[in-house]
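Engineer: Encoded as structure tokens, here's the structure I'll be asking about.
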Amino acid sequence: MFIRVKDAYLELTPEEFERYSLDLLFEQTRNLESLVFEHNKVIEAYDGNYQIDGYIEFTFMGVKSSLEEFLKI
């Protein structure tokens, strides 16, 4: 179980904070379908590449939510 006040998040490195943030989101979304978490993902888009610190992809009520699909428009 996640207890926010017990974590010393002020003393984290930037990378540790990114991973900590992904852990928080995972705890709140772990029951979603097709859940994907990635740290430091590079996404190719029509106007270049984007480095994403914390990438999340999931399906909710049959609809896929993906930044990667959005950037390819």
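Engineer: Which residue is surrounded by the fewest Cβ atoms within 10 Å (Cβ to Cβ), if the candidates are limited to segment 25-71 and must be over 20 Å from P14 (Cβ atoms) and aromatic (F, W, Y)?
Structural biologist: Taking the candidates together, the pick is Y46.
Engineer: Also, quick follow-up: Is there a residue being open to solvent by 70 Å² or more (accessible area, probe 1.4 Å) and modelled with pLDDT of 85 or more anywhere in segment 1-12?
Structural biologist: The answer is no, given that none of the residues of segment 1-12 is open to solvent by 70 Å² or more (accessible area, probe 1.4 Å) and modelled with pLDDT of 85 or more.
The values are calculated or read from the model by the stated rules, or taken from the named source; none is laboratory data. Computed from a predicted model, the values in this text were never measured in an experiment. No Cβ is skipped: glycine too gets one built from the backbone with ideal geometry, and neighbour counts run over all protein chains shown. Heads up: the accessible areas ignore ligands, DNA and RNA and are worked out on the full protein's heavy atoms, side chains in. Shrake-Rupley method; radii C 1.70, N 1.55, O 1.52, S 1.80 Å.
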